[in-house]
Structure formats: C-alpha cells, structure tokens
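Notes follow the structure.
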C-alpha cells in the first residue's frame, strides 16, 4: 500500500466562494475549498457536480454530502447545517451522496475522505456559508421581482416573505436566483436563533435502511459480473512458493484463477462457487520474517521496548524528579480487528474508457488517485460510486479491497465483485496496534501527583498508512494520543514513544491511539489515587483546575451517576475521562463480578461536551454505539498469533457484546458554545478504564491487560 501515491485529482485553489449556475431552472450553489492550483471562474459547467446545494422548481431542496455514511449520521447532520442557514423547510430537504471530486474534499483532511470524527467539525463553516449565501441570493431575486429593497424581505421555512405579507417559495425563485450576483460575504446566524441545528431531527437515511431500498456495496449487481474470493497472504511479507489450482478450476462455476501480490484469487459466477474454488486451492506459503511469530513474542518485544528510553513526546519539569512515594505499573493491549458487520467488498469494472467502482469506502479521493495508477488512466476517468457502509471504524479507509477488485477486473476483462469473508478480513492485516505502556508515578507526602513517566511501545500507524510521515522528533502522534496530551496538572513529566514493529500491519481503529492509551492513562491515574488514599473522582478533579471542559464533564458524569451514594450489594463504580477529536467525555461504569470472575456492566453514565450540537439524538446514539464498541473490546477483543498466523476467524472466537450483556446507558450532553468536536469516536476511550477501575473497587485487583481476564477475578 505504501507503494501507491495518493492523488485526489487535479488540484485547484479558490480565493472566494464559487457560484455554479445549474442548467434549466435550478439554483446550484457550491464552495471551492482551499487547495493549491488555479482559481475557478463562476459558472464553469465542468464544475456543476461540485455544488453542495440544488433547489429545483418543484421546491425540492437537495443537499450533496461528500462524506461517507457508515451509521454516524452525516447524511442528516450535513443537511441540517445547510438547512439552518438557508431557512429551509426541513420536510423539503433531501440528501444525495456526492461524486468523487476535489470540490468535496473534507476541509479537515484536504482530501475527500471520512474519518477522525471530522465531518461536522470540518464542514461547520463551509455548509453554513453555503446555506447563507443561497438564502441571500433568493432574497435578492425576490426583491428584484417585487421591486422592493432586500432589507424589507426575510426568509422562513423555504419561502421569502416581504413585509407586506407577499411570499414566494424557494422553488419559484430558483431560476431567478441563479442569475443573481454571488455576495462576497454573508452574515451567519447567531446560534441562539437556530431552529434546525441543535434539534432532534429524524435521520434522512432511516426509511431507505428500513425498507431495503438503501444499497450497500455488497448489493451491487452488474451484467456479466464475476465474483472473486482471495486466498490471502497470512501476514505481510508472506509469498506463495507452491500453487496447485487444479481442484479449484474443477469447481462448477469457477472461471479463472489469478495470482495477485496479496494472494491468489478465484473468480466465479457467484460467491459460493468462488469460495469453494478458493477453499480447494492448495497454496504453500513462505511466511518470511513472520515465520514462528506468536503473541508471546509480540508481548516480549513491546515490553522490552517500553522499558527503554525513546522519542520524547512530552518533557516538563525535572526529568530526574522523584516523589516521596513511587507507583509503577505496566499495561498491555492486543491487536484488534474492526469486525465490520458488512464484509469488505468492491465491485470494479475496468473499461477502455476508464474505471468505475462501487464500494463502501471512507477514502474516495485517495482511491481515485490510486486506481488511476492501478488502471493506468487519468484520475478523471476513475468514477467512484460511494455506497452505504455497513460499518467502517477506519477499516474502509484502507484501499486494499478496491485495488484488488480493480486489478482483477483489468486482468479478467469483466466486471468483478470482490468479497472478503469474515475470516478473510480477520486475517487481512489491518489491526489496531498492540501496545505496552510502562508507567512510573510520584506522589508527595500529602498525596498529590508530582511525577509522571511513561514509555509506550507500539507499531506506527503513520508509517503503515502510506501517506503520512513520522515527524522529525520520532513520535508517532497516534501512538501517544491520550497520553502525551493528557489533562492532568503534574509538574514533572517525561513521556516517551518507542517504535517496535512485530510484523502485522496496523491501521486506524475507532478512536485510534486513544482507545488503548486512555485505558493505560486512566487506569494508572486510578492507581495513583489509590496509592495516595484518595477518592478516584476527587483525585482527578484536583488535577483539572486548568482544564475546565475536562473538569465539567467529569463533574456531570459523577453527579448524574450518584458518585458516592450507595449501590446495590456487590455493585461498584469506576470513572474515567478523556478528550479525543475535539470532544470531552467522562464515563462512570457500575459493575459487579460473577462467581466465575466475569464482569457484568449494569449501567454506564456518560457526560459529553462536543461543543455546539447539530442533532442531540445522533450524539446520544453515537455515544451508546461507541460504548458498545469499546466494551466489546474490553471484555472480549483480541487478535492472537501462533506460528506466524492469526488465530481468530469469526464471531465464535472474536465475540461481540450480546444484547443480554448490554448495560443501561445514559448520555448527558453538556451545553456548550464552543465549535463542534467529533462524536463518532470519543465515547469509546473512557469505557475500558471506567470498567477496570470499577473492578478494582469491587475486588481490589488491578487488571492491566485487555481484554479483561476473568480468571484473575474468580473467587477462590
């Protein structure tokens, strides 16, 4: 993957918002984004698809969304931002998925891609300005038609209204508005006047998902399409040394067997024929440097690394400071798979005139550039149809499945749908990094935190990404987030990153480094509180005077959970707080321990400050979903290795949280006037440490490794 150069298409720059006049009687408004290159002239027909907004004479308002929808609600939140400043009638608002185009680049990334909980915060100003500009042009059109000053007109619910009471709908004004001059600057609403943003609007994608009309990548069907399944390399670096495909070719429906850098593909008339053919392949692999790799060797490598000096992520105060009392602990987190419910898939069709793919992808822009090289065509001849995503969690940011589908179509000469089985993807080599963190903390004689030292050893996501470089200081930002940027006021600190690469490829996973590092950090802060003889909530609170947003969510979560009040017999509380992706979340978990040592989480109370909110209902669901995701990892999640191969294959040995294990979740949104933070990921990091800390309160035993080992808690 690192051999491919990412290219989001022809770069361009804009010094002002661009107006794109649509054909016929449609008003189309779009905004160019700050990319290098030439400026766009208003009305260039070739850029009509770059519009964010389309208003047609039938009074339909269509918002074009450049981000991928994978359950996080962007197909509703983005239209809400537009509709608010437009003063649209929400009942008339529709949403469409954007084509791949540099005009739809995520402002937070500089490329068209979805991840890092960036869609709303990246488009907060862009979409509001788009709506406000369109509204100003509609008002100008109405004022011209009525021959009145624009100042005498206002807008409401999809209409321009004159002070005399005359009204015109946006649809009736669409053609005239398209001829208006684009204002250089528009005023945005004061948030106190919002009527759509901040409201619990129903999701625009619910009906299609409910009645089955919504199409996911795996639903794509094309005439003459072949289905492909790949016998993948067990781990990066493995090579085929012997292949016997005779039995595979004998399977009814199998059409071709094709070798790729990633493995051996079987193409057939349908999935089951392809799978049977793949299973009939006789492939001998040379595992190369990963021969004999095991989880024990990974642990040993990372543990050794965490004990050594590394690249300094944070240095404060005296490096050689010592506390009156020292607390030490070592933590470990395993590799994790994404386990998306919809398997990875892509349908590709390489034709003489170009390439077209249908895929649930988080990275349309990079994919367009990559596939232009795979198929040896201009990027403009690569059409990416973004389908709905049945779970992403970072996995669908990777381009492996679109690259292989395109190669197979190019070689076979037919449209090809490539499908990974659950087992295929579990062993595909895209994992959350395994990590080991070694902490040393110092306390003063009166129990205040005075020293914090840590060494974190893990592989580098930045290096694995293929499009990022590790900074000159040697610190992978993802490997240290959640630790290097912790909020606690501790005067003497030294926090190091030690890069170690055991072998498996690593990738972005929901909340990225925060997912394991918050477990490490918040568990260790709890250990320091216990050593100081302090209440863990009060200990944290005393260290957060310089961090008001952290402190507020911590206080709200504790208060709403009834921190310090009696609980039913055998139930105990734990607490944790974290900031990630611009949002602050504190969680309190109420936990008991079953006789076999397995934890039972009864209730989770979450307080979240994500800045100004777009849709509170979506925020609540995202926090709930993030808690399920993180709790699954804390209780069950692990990818283990034996003899150079991944041991897990499906949900029987990589289990997810069951319905009967789901705790009651309460989400309390803290009112804020700050700009929006992300919401898809921030609920995940605090749940593992909150549960771990509750387990300590219940048993007096510290669980320092994930997933939790019930045997350590089992009563004698």
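The values are calculated or read from the model by the stated rules, or taken from the named source; none is laboratory data. Treat the numbers as computed from the prediction; the structure is a model and nothing was measured. Here Cβ is always computed from backbone atoms with ideal geometry, including for glycine, and neighbour counts include all displayed protein chains.
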Next on the checklist: Being in a loop (DSSP other than H, G, I, E, B), closer than 18 Å to residue 570 by Cα and free of Cβ contacts under 8 Å to residues at least 24 places away in the same chain is the requirement here; does residue 714 meet it?
Outcome noted: no
Checklist entry - Would you call residue 155 under 19 Å from the mean Cα position of the chain (by Cα) and either modelled with pLDDT of 95 or more or under 30 Å from residue 682 (Cβ atoms) (or both)? => result no
Checklist entry - Do we have any residue at all in segment 216-227 that's under 30 Å from residue 427 (Cα atoms), touching a helix residue (DSSP H, G or I) at 6+ places or on another chain (Cβ under 8 Å) and crowded, with 16+ Cβ neighbours inside 10 Å? => result yes
Checklist entry - Pairs under 6 Å by beta carbon, first residue over 19 Å from residue 678 (Cβ atoms) in segment 99-112, partner part of a strand (DSSP E or B), six or more apart or different chains? => result 100/384
Item to check | Condition check for residue 389: over 27 Å from residue 511 (Cα atoms) and either surrounded by fewer than 24 Cβ atoms within 10 Å (Cβ to Cβ) or not assigned by TED's automatic domain parsing to the domain that holds residue 74 (or both) | outcome: no
Checklist entry - Are any residues in segment 637-660 surrounded by fewer than 18 Cβ atoms within 10 Å (Cβ to Cβ) and in a loop (DSSP other than H, G, I, E, B), and if so, which ones? => result 640, 643, 647, 649, 650, 651, 652, 653, 655, 656, 658
Item to check | Answer from 364, 373, 368 - the residue that is more than 26 Å from residue 95 (Cα to Cα) and either under 24 Å from the mean Cα position of the chain (by Cα) or touching a residue at least 40 places away in the same chain (Cβ under 8 Å) (or both) | outcome: 373
Item to check | Within segment 145-158, tally of residues that are touching a residue at least 24 places away in the same chain (Cβ under 8 Å) and in a helix (DSSP H, G or I) | outcome: 1
Checklist entry - What number of residues within segment 370-383 satisfy the criterion of being farther than 21 Å from residue 230 by Cβ, surrounded by fewer than 24 Cβ atoms within 10 Å (Cβ to Cβ) and in contact with a strand residue (DSSP E or B) (Cβ under 7 Å, 6 or more places away or on another chain)? => result 4
Next on the checklist: Given the condition in contact (Cβ under 8 Å) with a residue 60 or more places away in the chain and either closer than 20 Å to residue 71 by Cβ or surrounded by fewer than 14 Cβ atoms within 10 Å (Cβ to Cβ) (or both), answer yes or no: does some residue in segment 686-704 qualify?
Outcome noted: yes
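The rows are residues; the columns are (1) in contact (Cβ under 8 Å) with a residue 40 or more places away in the chain; (2) within 25 Å of the chain's Cα centre (by Cα); (3) assigned to a helix (DSSP H, G or I).
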position	(1), (2), (3)
328	yes, no, no
340	yes, yes, no
346	yes, yes, no
357	yes, yes, no
403	yes, yes, yes
407	yes, no, yes
423	yes, yes, yes
Checklist entry - In this structure, is residue 666 in a loop (DSSP other than H, G, I, E, B) and touching a residue at least 40 places away in the same chain (Cβ under 8 Å)? => result no
Checklist outcome for this item: Scanning segment 546-601 for residues that are assigned to a strand (DSSP E or B) and surrounded by fewer than 17 Cβ atoms within 10 Å (Cβ to Cβ) gives 600
Checklist entry - residue 300 fails exactly one of the following numbered conditions: (1) within 30 Å of residue 499 (Cα to Cα); (2) touching a residue at least 12 places away in the same chain (Cβ under 8 Å); (3) surrounded by fewer than 18 Cβ atoms within 10 Å (Cβ to Cβ). What is the number of that condition? => result (2)
Checklist outcome for this item: Among 462, 468, the single one that is assigned to a helix (DSSP H, G or I), within 16 Å of residue 513 (Cα to Cα) and within 18 Å of the chain's Cα centre (by Cα) is 462
Next on the checklist: Can you tell me how many residues within segment 108-144 are surrounded by fewer than 24 Cβ atoms within 10 Å (Cβ to Cβ), closer than 16 Å to residue 508 by Cβ and out of contact with any helix residue (DSSP H, G or I) (no Cβ under 8 Å at 6 or more places or on another chain)?
Outcome noted: 2
Item to check | Failed item in (1) surrounded by 18 or more Cβ atoms within 10 Å (Cβ to Cβ); (2) touching a residue at least 60 places away in the same chain (Cβ under 8 Å); (3) assigned by TED's automatic domain parsing to the domain that holds residue 408, with residue 271 passing the rest | outcome: (1)
Checklist entry - Among (1) assigned by TED's automatic domain parsing to the domain that holds residue 454; (2) at pLDDT 95 or above, where does residue 284 come up short? => result (1)
Next on the checklist: Restricting to segment 297-345, name every residue that is touching a helix residue (DSSP H, G or I) at 6+ places or on another chain (Cβ under 6 Å) and within 27 Å of residue 530 (Cα to Cα).
Outcome noted: 313, 327, 329, 331, 333
Item to check | Test for residue 634: is it surrounded by 23 or more Cβ atoms within 10 Å (Cβ to Cβ), within 25 Å of residue 117 (Cα to Cα) and either assigned by TED's automatic domain parsing to the domain that holds residue 116 or in contact with a helix residue (DSSP H, G or I) (Cβ under 6 Å, 6 or more places away or on another chain) (or both) | outcome: yes
Next on the checklist: So, residue 524, is that one over 28 Å from the mean Cα position of the chain (by Cα) and in a helix (DSSP H, G or I) or not?
Outcome noted: no
Checklist entry - Is it the case that residue 361 is assigned to a loop (DSSP other than H, G, I, E, B), surrounded by 24 or more Cβ atoms within 10 Å (Cβ to Cβ) and in contact with a strand residue (DSSP E or B) (Cβ under 9 Å, 6 or more places away or on another chain)? => result yes
Checklist entry - Among the residues of segment 8-23, is there at least one that is within 21 Å of residue 160 (Cα to Cα), in contact with a strand residue (DSSP E or B) (Cβ under 6 Å, 6 or more places away or on another chain) and at pLDDT 95 or above? => result no
Checklist outcome for this item: Being part of a strand (DSSP E or B) and within 24 Å of residue 235 (Cβ to Cβ) narrows 451, 436 down to just 436
Checklist entry - Hey, does segment 87-99 have a residue that's in contact with a helix residue (DSSP H, G or I) (Cβ under 9 Å, 6 or more places away or on another chain) and either assigned to a helix (DSSP H, G or I) or in the same structural domain as residue 392 (by TED's automatic domain parsing) (or both)? => result yes
Checklist outcome for this item: Counted residues in segment 335-352 being within 13 Å of residue 654 (Cβ to Cβ) and touching a strand residue (DSSP E or B) at 6+ places or on another chain (Cβ under 6 Å) come to 3
Next on the checklist: Of the residues 142, 103, 134, only one is at pLDDT below 95, touching a strand residue (DSSP E or B) at 6+ places or on another chain (Cβ under 6 Å) and part of a helix (DSSP H, G or I); which?
Outcome noted: 134
